[in-house]
Amino acid sequence: MRFLVAIFTLVFVSTNSLATETDAARRPQYPLKQERRIYTEDRLKVAEGNIAKFQTAKAIADKEISRASDWLGWEDEDLLKLIQPPNIPRAFNVGTDGCPKCGKEIYEVGGTYPWKLDIKNPLKVECPICGGVFPDEDHPDPGRGWVGPNDHKYWFIAYANHWNFQNTVLPAVRYLARAYLLTGDPKYAHKSAVLLYRAAEVYPGLDYHSQSRYGELQEKNGSRYEGKFLNHIWETTVLHMLAESYDSVWDTIDEDENLQELVGKSGEEIRGFIEANLLEEGIESVFAKKISGNYG
Ligand SMILES: [Zn+2]
């Protein structure tokens with residue numbers, strides 16, 4: 001049996017490149033969702049009324065729609081590539097030594113998280129002082145960091161992955177979902193659903209302890225540091241934003257033929273996939289303390 005599972009895994013991995021990190025895709029354990037629960041029709045009517053009546057409410061809505069619109073120009077295939085597989089680590093710091101060329105001066109110029117990022121080049125960091133882009137030929141990073149002359153690691157790729165996800169991709173999922181709620185235009189929901197599908201593909205395989213700089217540091221101390229994409233505290237925001245976005249765009253998936261063609265599943269299968277691999281995996285991770293906010 002174990003052998004058969006291994007064969008199946010190999011076939012699965014080789015026939016679907018996007019699924020390589022989720023050879024254990026989950027199936028729903030609960031009946032699928034039946035209605036939108038967070039932004040109900042009543043709440044949307046209140047929002048509509050406020051937007052018509054108050055300039056400040058309209059400004060908030062316009063900003064959300066404008067931010068979402070920035071993502072409409074992205075091809076679906078390129079959006080899928082923005083959420084990295086679990087084996088690409090995460091790190092909220094490159095290290096403690098600053099830039100390999102400029103040293104710790106980078107913190108004086110750029111603060112605690114000083115590196116410049118470019119979502120079009122999502123696994124690179126740029127020093128705001130020397131303009132060096134890392135990793136480069138002299139500072140190769142296979143994923144878990146380049147080892148500097150003093151044996152300290154520089155986690156360029158993991159830092160870029162972490163902050164591009166937390167500050168750019170994750171907010172985009174929700175800008176798009178909220179723009180759909182505010183406009184009723186399914187083009188926003190589609191882009192959000194593409195990212196949600198991709199998040200569901202990687203979510204069960206995410207294990208912060210074994211896939212992060214901080215996990216590695218804690219392991220050396222004989223301790224653990226749990227989480228999923230991000231650490232267990234910040235992950236609360238990840239699951240919250242993704243679950244809210246799914247609730248918002250849920251009603252478009254059965255009509256979204258482009259999405260169904262993109263991932264090779266029916267609308268119902270896509271909903272089941274996201275609910276099992278993102279929502280059910282997420283709530284189990286809460287009970288397993290892999291997602292656990294600060295107390296108070
Ligand atoms: Zn530098």
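The values are calculated or read from the model by the stated rules, or taken from the named source; none is laboratory data. These figures come from a predicted structure and were not determined experimentally. Because the Cβ atoms are built from the backbone with ideal geometry, glycine has one as well, and the counts that use them run over all protein chains shown. Remember, those area values only see protein heavy atoms, side chains included, never the ligands or the DNA or RNA. Shrake-Rupley method; radii C 1.70, N 1.55, O 1.52, S 1.80 Å.
Kindly provide the set of residues from the stretch 49-78 that are of a type in the set (A, V, I, L, M, F, W, C) and within 25 Å of L195 (Cβ to Cβ), ordered by number.
Selection gives I60, A61, I65, A68, W71, L72, W74.
Tell me the helices (runs of 4 or more DSSP H) entirely within the stretch 187-296 that contain at least 3 residues that are within 21 Å of L72 (Cα to Cα).
Helices (runs of 4 or more DSSP H) meeting the threshold: 235-249, 257-263.
Would you mind finding the one in K101, K120, K124 that is within 25 Å of W234 (Cβ to Cβ), out of contact with any helix residue (DSSP H, G or I) (no Cβ under 7 Å at 6 or more places or on another chain) and of a type outside the set (D, E)?
So the residue among K101, K120, K124 that is within 25 Å of W234 (Cβ to Cβ), out of contact with any helix residue (DSSP H, G or I) (no Cβ under 7 Å at 6 or more places or on another chain) and of a type outside the set (D, E) is K120.
Please give the number of the condition F156 fails out of (1) out of contact with any His (no Cβ under 9 Å at 6 or more places or on another chain); (2) under 28 Å from E235 (Cα atoms).
Result: F156 passes all but (1).
A quick yes/no check of all residues on (1) open to solvent by less than 10 Å² (accessible area, probe 1.4 Å); (2) aromatic (F, W, Y):
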residue: L182; (1), (2): no, no
residue: K187; (1), (2): no, no
residue: V194; (1), (2): yes, no
residue: Y203; (1), (2): yes, yes
residue: L206; (1), (2): yes, no
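Looking at the stretch 210-230, which of its residues are within 21 Å of G95 (Cβ to Cβ) and open to solvent by less than 10 Å² (accessible area, probe 1.4 Å)?
S212, G215, G227, F229, L230
Being closer than 24 Å to Y225 by Cβ and open to solvent by less than 40 Å² (accessible area, probe 1.4 Å) is the requirement here; does G98 meet it?
yes
Each row is one residue, and each column tells you yes or no for (1) among the basic types (K, R); (2) at pLDDT 95 or above; (3) in contact with a Leu (Cβ under 9 Å, 6 or more places away or on another chain).
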residue	(1), (2), (3)
R2	yes, no, no
T9	no, no, no
P31	no, yes, no
E35	no, yes, no
I60	no, yes, no
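Could you please give the count of residues in the stretch 38-58 that are closer than 23 Å to K191 by Cα and exposed (fewer than 11 other Cβ atoms within 10 Å of the Cβ)?
Final tally of qualifying residues: 1.
For the stretch 150-173, enumerate the residues that are in contact (Cβ under 8 Å) with a residue 12 or more places away in the chain, open to solvent by 10 Å² or more (accessible area, probe 1.4 Å) and either within 15 Å of the ligand (Cβ to nearest atom) or in a loop (DSSP other than H, G, I, E, B) (or both).
Once the filter is applied, which keeps residues that are in contact (Cβ under 8 Å) with a residue 12 or more places away in the chain, open to solvent by 10 Å² or more (accessible area, probe 1.4 Å) and either within 15 Å of the ligand (Cβ to nearest atom) or in a loop (DSSP other than H, G, I, E, B) (or both), the stretch 150-173 yields N150, H152, Y154.
Within the stretch 74-81, is there a residue that is modelled with pLDDT of 95 or more, out of contact with any Pro (no Cβ under 6 Å at 6 or more places or on another chain), open to solvent by 100 Å² or more (accessible area, probe 1.4 Å) and farther than 22 Å from V263 by Cβ?
No, the stretch 74-81 has no match at all.
Scanning the stretch 258-285 for residues that are open to solvent by 30 Å² or more (accessible area, probe 1.4 Å) and under 17 Å from the mean Cα position of the chain (by Cα), which turns out farthest from S245 (Cα to Cα)?
Of everything passing the filter in the stretch 258-285, I283 is farthest from S245 (Cα to Cα).
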